[in-house]
Structures are given as structure tokens and as C-alpha cells.
Amino acid sequence: MNPQPPQTRRAFLRIGSYATVSAIAGSAFLSACGSDADKTAKPADADGATKSAEARKLTGTLNFVNFEGWLGANTAAAFTKAFPGADLNQIPIAGTQESWLPKVKDRRGDYDLALVDGATIPKLIALDALASFTAEEVPNATNVDPAFRNQAWDPDNKYFVATDYGRTGIGYRKDIVTEPITSYADMFALLPKYSGKVAVLSRMGSTLGMAMKRLGYSVNSNDPAEVAAARQLLIDSKKHFLALVDSGSPSLISGDAVIALCDDYDVAAASAENPNIVWVDPTEGMSAYLEGFVALKGPREDLAKAFINFQAAPEQNADFANTLTIAPVVPAAASLIKPEITKSKILFPPDDVKQRIEFFVARPQEGESLWMKAWDEFRAS
Amino acid sequence: MDEGVGRVPRFLVDQHARRRGTTLWSLATIPDLLWALLFFAAPLAILIAFSFGTEDSYTFEIDINGTLDRYREALTTPYLETLLRSLALGLITSVVCLVIAFPTALALTRIKGTARLPVLFVVLFPFVVSFTVRTYAWLGILRADGPVAQLTNSVFGQPLVLAYTPGGIAVGMIHGYLVLAILPLYAALDRIPLSVLDAADDLGARPFRTFRLVTVPMAMPGIIAALALVGILAIGEFTVPAILGGGKTLLIGNVLAEQAGGANQPLGAAIAVILMLLFTLLGAINLLSRRRAHRLELNQS
């Protein structure tokens, strides 16, 4: 699998009340599983006094760059309990992950830990910002589903441990849109009828990627003609778009939009609130992302690695999934996940859908410039 | 009495003392000059240097190689259209703000005694609330199920939905910047002596003639300040388009924020330099025209 392009999202956490409900439910669930939480309070596969002594040595405040609220509800407290003297200072990513990267260059050593997508790994390597780790340092990394390990951008698993993944497709209101939607072609055909009621995402990769898929191209294509065709399709359709939104579901819930380009976890949460909101895996295929933690070079990189290891424990990955209504990447976490998540057909797609997923790869500089210019031309049109 | 003073004329001693005093006072400005050099001139020089460079999008290293490509980029599609759109929106915003703010400020100056302060407070109170919060409030008012759409639907049979349109952005910017037009206008209008207006009245000028020939010219510094304050900020605005424009209307402030934020810092720098030159040019034109008008006035008198 491959990484995704720069993403700006998670705004739903601030906007949607369902997220709050989900977080409370997640907390309640884990509170009920008190003994399990206690287990996670120990460092990875804790085996007694030696490990505890090691944990006590790792102290300090981890400066953790993350999307606001994108963490298990109990994780920070459990980590502090497992590592006395250590705590988390979460630094929210404002805008895209791209906008945070120049700060890594200018404030080397100020950041210790980050949630990143794959597309940023080559850049972080080029910046010489990543702290590599060994299998012994992060033993829990082997808990992660093999499908999310040995990525092209980290073949030796020495920088990245996956935390979550998802795909971008279509969400729509079946109580208002009576026509069946199975593809991006259907969605674009319905634009004139539902003009001004169709929302697309404010993320370049997702929305331009949607147009690429509609035209039968790869979301990783850097062919100028293909990118230009996708840009033109978006420009021609722009008059029908309601807005470029951070998250599709709030506009579907409010009724401002009846069709929206959405992330799977977003629709999974929204459909629990309003069953008329349904999810479509477009037949043309769809883009997907894989996110994970990296440790950054600096005075606290050992503590950062300890956190990454801690987070890859089944209990913590379950807390993550339960809090955010996402699919876990640690198979052993499945038994700790809320049934409404594990039963979700949106979050756990069938094999034929999985085959249509295309993960983004990091673009070469020329490709990146090409996509960014096309995106700006669309927005400026 | 000092002997030396007796040999030197008194006025020269005074002049010398004044010079020495001036020199001492000049020394007091050194910290301010250093501050300006460090935090204005130096960053500005770096910004200008960056605008002639090329960025490696992986390492964010900027090679200042003297290229003009960033300026070419900034002055071609899609950024030129974005710049022109921003200028138009900035002009509309500043003119509408002026039209709304002028009568408001004039009315405030006409309120007598202690009643003025509470009225001024009421006029300015909404602006105590955060700019972003107010902009989000406008989204609620202008959206499809908002009061504006409901009202226009019931009156005209057609809802007016301004959310996520350039019109919505203009509404948000006009409201957001109105206070910046009211305050300088109020200050300028309040300085006009009532005796001057009474004189015009006594000489037979009708109210509109007095307004046109006395009030407006005397309030000109406030008008120019209002237009400049609102215009400059509106042209570079990026919060309102993001919220009320739904990301669909790209303005130069958004481009600047994204590019200078890391996407392409040299391009962001080139856009910033272009905007700076534009504002400097407008300022220079304004200054020259005012000087010319002043000279004409002197000649006429």
C-alpha cells in the first residue's frame, strides 16, 4: 500500500456532535473494561521490574503534532500512567500536514512525535528529520496488520507504524436523492439536478483524485494531459458545487448538501446519526490513505519511540478506533472494538472494494507542481 | 556667568544647546530604529530575496538564484485573476464601508453631551466579538435555511442564498471592516468646527451644498484613512473567503497564506512584494494628488 497526499480533515470532530457522543461512548466502553486499560498502562509486553525501571527512565514532555482530537480518549492518560514522568503536549496541525513540514526544518528538535501520511515520509527523510527505530525498540509494531507494514516508502519498517487508514468515496442522502448512485459517473450526471447541493472536499488529492478516477485515470498520474482533463472537469462542474468542505458529513446532516465527497469514517459516524446518509464505493475506484506515527530526531526520540510502541498495543488501537469510529489496523484489537464499528460495512469493505482502492504515492516535484497548479486553477475559476 | 558666554553671542549658545539637546533626543530613537531594522527591514529584505528564488518542495531549501519566474507565475493564470478579483472585492468593500460609515460617523458627531458615549459604545459593541466568530455567525444568516433566504423567499418568492458566494464574502468583509471606516471618519468629522458649518448656513448654502463643499472636503483625511485601512486589509483577507466563500472563491490572501506557509515560499514572497508595490504606488498617487490639490488651493487663495 502507498501513502496519501496532504490531508486536511478531522474538522468533523469540532463540528459534529456525533463525534462527542462517540468519544463519550468510547470512554464509557473503556472504563467498563478497566482491567484491560490497566494492562495497557504498562510498557510494551511489560515483563516486570526491568521494564518498569526502563519506563521510569523515560521522562519528559512529548511535543506531539497531530490533528486535533485524533487520539484515543484514554491514550494520553494511560501513557502517563505507564511512563511516570512523561506526558503529551499535543500540537494541533493547522491546515494541511504540508504546512507543518517547513516548521520541522526550522524548529529541529522542538517536535518529537507526529501523525503523518505516507506522502510526507519521503519529505521528512529528505529533511533528515526522522528518527529510525529497530524491531527491538518498537516490538509492538508487529501487531499491525502486515497489509499496513513494509510500505514502499518505509520498506524496512524503521520509521513508521500505522495507526489508521480510510478511503474517500461518495456519501448521499437517500431520502432526497432518489436515483441510485454507484459511481462518480452517476454523481457527475446528477450535478445539474442537484446543483448547489453537492459538496466536495477542500483537499487537493481527494477532489482532484475524484475527477481523475471519474475519467479513468490513476490518482497517482502526473501526466499533464490527464491532470489538465481532470482540472477542466472540475472547473466545468464548479457551478454545481455547494462548497469545498473539510468534512462532507456535516453538510449532509444539515441538508445543505445531498451528495458529498466524503471519507469512509465520516459517513460511518454520520449514518449512525441519520440512517438516510449512505455510503458508495464508486465503481471507478477511489483514493485511500494510511496514517501512522513517526518519531522525530531530537532529545526525546526514545520517549517518542516508546509512545509509538505503546500506541501499537491492541488496547490502545482499540481505544483509537472506538473514539474516532475508524477501522483498527491491529487485528488483535478487533475483540475490543465496539460492535457497531466491527459490523460496519463502510469501515470493513468487502474484497472486491479493496481491490478498487488506490493509495496515493509521494509525487515527484514536477508532479506536485502540476497538481498544485491545476488545483489552484480550479479554485480560482 | 560663564566668561566664555560673554565672548559668544547668546543666540549662538542657545542654538548650540538646542542642537546638543536634539542630538541627545536622537539617541533615544536608536532602540526604535534597531527594532525596525531587525524586525521590519531585515525580514523585508529576506522576503524580497526569497521572491527571486526557487524552492525544493522536499527539503524546503530556497535557492536564491535571481530568477524572475516567481513573478511571471504570480502575474499569470490563475494568480493574476485571483489578484484582480481581490482588488475588485477590496474596492467594493472599502467603498460600501465608506457609504455606510459616513452617515453613521456624522450622526455620532451630532449627538450632544453625555449621550454620545453610550451610542458610540452600542455602534462599536459588535466589533468586540472575535472577527472569526462574527464571520461564522454570518454563515448561519446567509445559508439556504437562514433568515435572509427565508425572508427573501417569503417576500419575492425566491430565496437569496449568499453563503458560499462572492456576495457572501463581500457581506462578511463589509461587516467585519466597518468599524475601521467608522472610527477615522468619526475622528475627522468630529474635528470640523460647528462654526464653519454655521458660517456656510449663514451665507445661504443649502445643507447638501454645505455637505458637499464643506463637510466632505474637511473630512477628506478621514475618508482616505477609512478607504486605505479597509481596502488594504480587505485585499489581503483570507479568513472570510475560507468561511463564507466555502473555499470556492480563491482570493490573493488565501494564495499568499498557502504559498508563504510552505507550499511555495518564493511564489508567496513574489505575491507579497507585488502587493506591497501596489499599495505603495496607490499611497504615492494619493500623496501626490493631495499635494497637487493643496498647491492649487494655495494658488487660488
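The values are calculated or read from the model by the stated rules, or taken from the named source; none is laboratory data. Keep in mind that what you see is a predicted model, and the values were worked out from it rather than measured. For neighbour counting, all protein chains shown are included, and Cβ atoms are generated from backbone atoms with ideal geometry for every residue, glycine included.
All of B:LEU244, B:LEU227 fail the test of being touching a Gly at 6+ places or on another chain (Cβ under 6 Å) and under 18 Å from B:VAL96 (Cβ atoms), apart from B:LEU244.
Residue-wise test of (1) assigned to a loop (DSSP other than H, G, I, E, B); (2) over 24 Å from A:ALA380 (Cα atoms).
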| site | (1), (2) |
| --- | --- |
| A:THR182 | yes, yes |
| A:PHE188 | no, no |
| A:TYR194 | yes, no |
| A:THR207 | no, no |
| A:MET212 | no, no |
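A single entry from A:THR134, A:THR142, A:THR120 fulfils the requirement of being closer than 25 Å to A:VAL330 by Cα, among the hydroxyl-bearing types (Ser, Thr, Tyr), in a helix (DSSP H, G or I) and away from chain B (no Cβ under 14 Å): A:THR142.
The number of residues in the stretch A:325-366 being surrounded by 18 or more Cβ atoms within 10 Å (Cβ to Cβ) and among the acidic types (Asp, Glu) comes to 1. Just a yes or no: is a residue in the stretch A:146-161 among the aliphatic types (A, V, I, L, M) and under 20 Å from A:TRP279 (Cβ atoms)? No, the stretch A:146-161 has no match at all. Elements of the type helices (runs of 4 or more DSSP H) sitting completely within the stretch A:311-381 and holding at least 2 residues that are within 14 Å of another protein chain (Cβ to nearest Cβ), farther than 30 Å from A:ASP87 by Cβ and more than 19 Å from the chain's Cα centre (by Cα): these cover A:365-380.
Among the residues of the stretch A:214-257, just one is under 20 Å from the mean Cα position of the chain (by Cα), part of a helix (DSSP H, G or I) and not small (Gly, Ala, Ser), namely A:PRO250. Could you check, for the stretch A:188-198, whether at least one of its residues is touching a Phe, Trp or Tyr at 6+ places or on another chain (Cβ under 7 Å), within 26 Å of B:ALA144 (Cα to Cα) and within 13 Å of chain B (Cβ to nearest Cβ)? The answer is yes; a qualifying residue exists.
When the test is whether a residue is of a type in the set (Gly, Ala, Ser), buried (at least 22 other Cβ atoms within 10 Å of the Cβ) and under 22 Å from A:ASN309 (Cα atoms), A:GLY85 does not pass it. When B:GLY176 is tested against (1) within 14 Å of chain A (Cβ to nearest Cβ); (2) within 17 Å of B:THR104 (Cα to Cα), just one condition goes unmet, and that condition is (1). Taking the criterion of being more than 15 Å from A:THR207 (Cβ to Cβ) and crowded, with 21+ Cβ neighbours inside 10 Å, the only residue of the stretch A:367-381 that qualifies is A:GLU368. In the stretch A:101-117, the residue that is nearest to the other protein chains (Cβ to nearest Cβ) out of those that are surrounded by 22 or more Cβ atoms within 10 Å (Cβ to Cβ) and in a helix (DSSP H, G or I) is A:LEU101.
For the stretch A:202-219, enumerate the residues that are of a type outside the set (Ser, Thr, Tyr) and modelled with pLDDT under 95. Residues satisfying the conditions are A:ARG203, A:MET204, A:GLY205.
Taking the stretch A:80-92 as the search range and keeping residues that are among the aliphatic types (A, V, I, L, M) and in contact (Cβ under 8 Å) with a residue 40 or more places away in the chain, which one is nearest to the other protein chains (Cβ to nearest Cβ)? Within the stretch A:80-92, the match that is nearest to the other protein chains (Cβ to nearest Cβ) is A:LEU88.
Selection over the stretch A:223-270 of residues that are within 13 Å of chain B (Cβ to nearest Cβ), in contact with a Phe, Trp or Tyr (Cβ under 8 Å, 6 or more places away or on another chain) and not hydrophobic (A, V, I, L, M, F, W, C) gives a count of 7.
Summed over the stretch B:68-88, residues that are within 19 Å of B:THR249 (Cα to Cα), within 11 Å of chain A (Cβ to nearest Cβ) and touching a residue at least 60 places away in the same chain (Cβ under 8 Å) total 6.
Can you name every residue in the stretch A:275-316 that is touching a helix residue (DSSP H, G or I) at 6+ places or on another chain (Cβ under 7 Å) and of a type in the set (Phe, Trp, Tyr)? If the condition is that a residue be touching a helix residue (DSSP H, G or I) at 6+ places or on another chain (Cβ under 7 Å) and of a type in the set (Phe, Trp, Tyr), then A:TRP279, A:PHE293, A:PHE307, A:PHE310 are the ones that fit. For the stretch B:64-77, the condition of being touching a strand residue (DSSP E or B) at 6+ places or on another chain (Cβ under 8 Å), assigned to a loop (DSSP other than H, G, I, E, B), farther than 18 Å from B:ALA181 by Cα and at pLDDT 90 or above holds for at least one residue. Counting only helices (runs of 4 or more DSSP H) wholly contained in the stretch B:195-301, the ones carrying 2 or more residues that are crowded, with 18+ Cβ neighbours inside 10 Å and away from every other protein chain (no Cβ under 14 Å) occupy B:220-235, B:265-300.
Summed over the stretch A:290-333, residues that are in contact with a Gly (Cβ under 6 Å, 6 or more places away or on another chain) and among the aromatic types (Phe, Trp, Tyr) total 1.
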